[in-house]
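Okay, so here's the structure we're looking at.
Any read-out appearing in this document is the output of simple, stated calculations on the displayed coordinates, not a laboratory observation. The shown structure was predicted, so the numbers you read here are calculated from the model rather than taken from an experiment. Positions of Cβ are generated from backbone atoms using ideal geometry, with glycine treated the same way; all protein chains shown enter the neighbour counts.
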Amino acid sequence: MPGTRKQPNSGRQWNLKGDRKGVRSIVKGFLIDNKTTEAQSYKIEKVDWEKYKRMAQREQGQHPMLQIDIQDLALTVIETQTWNDIVLQMIALEEELERLLDERRQSA
């Protein structure tokens with residue numbers, strides 16, 4: 001994932017088992033942990049997510065994000081409220097861009 005870096009002892013954080021590898025990074029408001037498994041599934045337990053969430057918040061108020069690779073399937077996991085905030089921000093930015101473009105067209 002762009003902007004990421006491998007961490008020492010990667011794969012030994014929160015609920016990781018020895019057969020899983022991980023990469024941790026901070027990208028614009030998110031503490032991202034990458035998990036890779038060749039198994040058929042990956043289990044996220046609430047208690048583990050809550051620990052990871054606290055760790056992310058200690059990292060200058062970051063949001064937790066998991067990037068999970070299950071064989072050739074790549075998934076991203078964030079909380080629904082975080083996703084809603086992203087969508088609202090995108091809508092606001094699109095509206096601001098449209099307003100600026102309208103101003104530019106009117107002044108031309």
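Take the Cβ atoms of residue 71 and residue 49, set R0 to 22 Å, and the FRET efficiency comes out at 0.50. Amide H contacts for residue 63 (H built 1.01 Å from N in the peptide plane; partners 5 or more residues away or on another chain; cut-off under 5 Å): 30, 31.
Ranked by how many other Cβ atoms sit within 10 Å of their own Cβ, fewest first, the residues 77, 87 fall in the order 87, 77. Modelled spin-label separation between residue 83 and residue 105, with each label point placed 7 Å from Cα along the Cα-to-Cβ direction: 3.3 nm.
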